[in-house]
Amino acid sequence: MSFKCETALVARWRLRSLWMLCFAVALTAPGCGGSSGKKIDRQSISGSVTLDGAPLDQGTIRFEPMSDVKEKTAAGSLIQAGRYAISAAEGLPPGKYIVSISAVEGAASTPAADPQDAMNAAAKETPKADRIPAKYNKNSELVVEIKSGSNQHDFPLTSMPSK
């Protein structure tokens, strides 16, 4: 066997092993709510996202727990036509959360059904630019408090630095 062929086989074996490990962890993991067995008091969240006054056509929103949240649970949603919604079944327990909002230029509208195909496609792509400034995602300054009951949180974002 040539060196080039051996390298390809080793790379394929490593990739397959990584997928098997991820699958095993997913099957055995207790989930986002922890392993205590008690039910998490999840709340629904919805709202609007605008960029410079116009509804954000597409993007993602993610809520990450801050230190005061007992149940360390995160949640996220797609943003479509300026709206997002997370049901109570998938929602968050009461507490403060850092919010990250992204809208990547040229994001794929239909992801590959096969995880292997999706990973291969992602490896070939060059990183896309985010239309949303870093202060709303990588360096998010957005913080919300989730309370018991329905939660409406609107995010009027601006692409220009504030004066």
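The values are calculated or read from the model by the stated rules, or taken from the named source; none is laboratory data. Please read these numbers as outputs of a predicted model, since none were measured by experiment. For neighbour counting, all protein chains shown are included, and Cβ atoms are generated from backbone atoms with ideal geometry for every residue, glycine included.
As a summary of the residue check, Asp114 satisfies the conditions (1) more than 22 Å from Ser46 (Cα to Cα); (2) modelled with pLDDT of 90 or more except for the one numbered (2).
Among the conditions (1) at pLDDT 85 or above; (2) surrounded by 10 or more Cβ atoms within 10 Å (Cβ to Cβ), Ala54 misses just one, which is (2).
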